[in-house]
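Report on the following structure.
The values are calculated or read from the model by the stated rules, or taken from the named source; none is laboratory data. These numbers come from a predicted model, not from an experiment. All Cβ positions, even for glycine, are placed from backbone atoms using ideal geometry, and neighbour counts span all protein chains on display. Surface accessibility is based on the protein's heavy atoms, side chains included, excluding ligands, DNA and RNA. Shrake-Rupley method; radii C 1.70, N 1.55, O 1.52, S 1.80 Å.
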Amino acid sequence: MSSNTGNIVLALVAGAVVGAGIGILLAPDKGSATRQKIREGVGKSKDDLIDKYHELAQLLHRKAENVGENLSDFIDKAIDSGNHEKDELIALLEAKLDLLKTPVKKTAK
């Protein structure tokens with residue numbers, strides 16, 4: 001998990017804990033009602049945290065797919081470029097070979 005992702009998760013958990021603590025301190029209700037509110041708040045925070053986790057996982061998955069596609073495109077372009085340069089090199093070498101053969105043909109006659 002990257003440092004940034006860890007910080008986000010830590011901030012969400014810390015926010016839930018602080019919120020629950022403030023709720024207990026400022027609760028005008030009796031204990032049982034306050035505990036019920038805390039349970040509901042923790043449940044909602046848990047659900048929110050799970051939702052954020054799934055959103056983050058989907059975002060990372062999409063980013064990984066984009067990186068894979070970009071890398072694949074780069075490799076394809078490099079191969080195509082290499083093939084193009086290879087063809088040019090072969091043509092150049094064949095032309096040089098023909099030039100080298102020409103004086104030999106003239107000398108042989």
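Kindly provide the set of residues from segment 31-45 that are in contact (Cβ under 8 Å) with a residue 24 or more places away in the chain and open to solvent by 70 Å² or more (accessible area, probe 1.4 Å), ordered by number. Step through it out loud before you land on a result.
Applying the first criterion (in contact (Cβ under 8 Å) with a residue 24 or more places away in the chain) to segment 31-45 yields 41-42, 45.
Selection gives V42 alone.
Which residues, taken from segment 12-30, are under 41 Å from the mean Cα position of the chain (by Cα) and open to solvent by less than 60 Å² (accessible area, probe 1.4 Å)?
A14, G15, A16, G19, A20, G21, G23, listed by residue number.
Got at least one residue in segment 45-68 being among the small types (G, A, S), modelled with pLDDT of 75 or more and under 20 Å from the mean Cα position of the chain (by Cα)? Break it down into steps so the answer makes sense when it comes.
From segment 45-68, those among the small types (G, A, S) are 45, 57, 64, 68; that's our starting set.
Within this subset, residues satisfying the condition of being modelled with pLDDT of 75 or more are 45, 57, 64.
Retained after the next criterion (residues that are under 20 Å from the mean Cα position of the chain (by Cα)): 57, 64.
Scanning segment 45-68, I find at least one residue that is among the small types (G, A, S), modelled with pLDDT of 75 or more and under 20 Å from the mean Cα position of the chain (by Cα), so the answer is yes.
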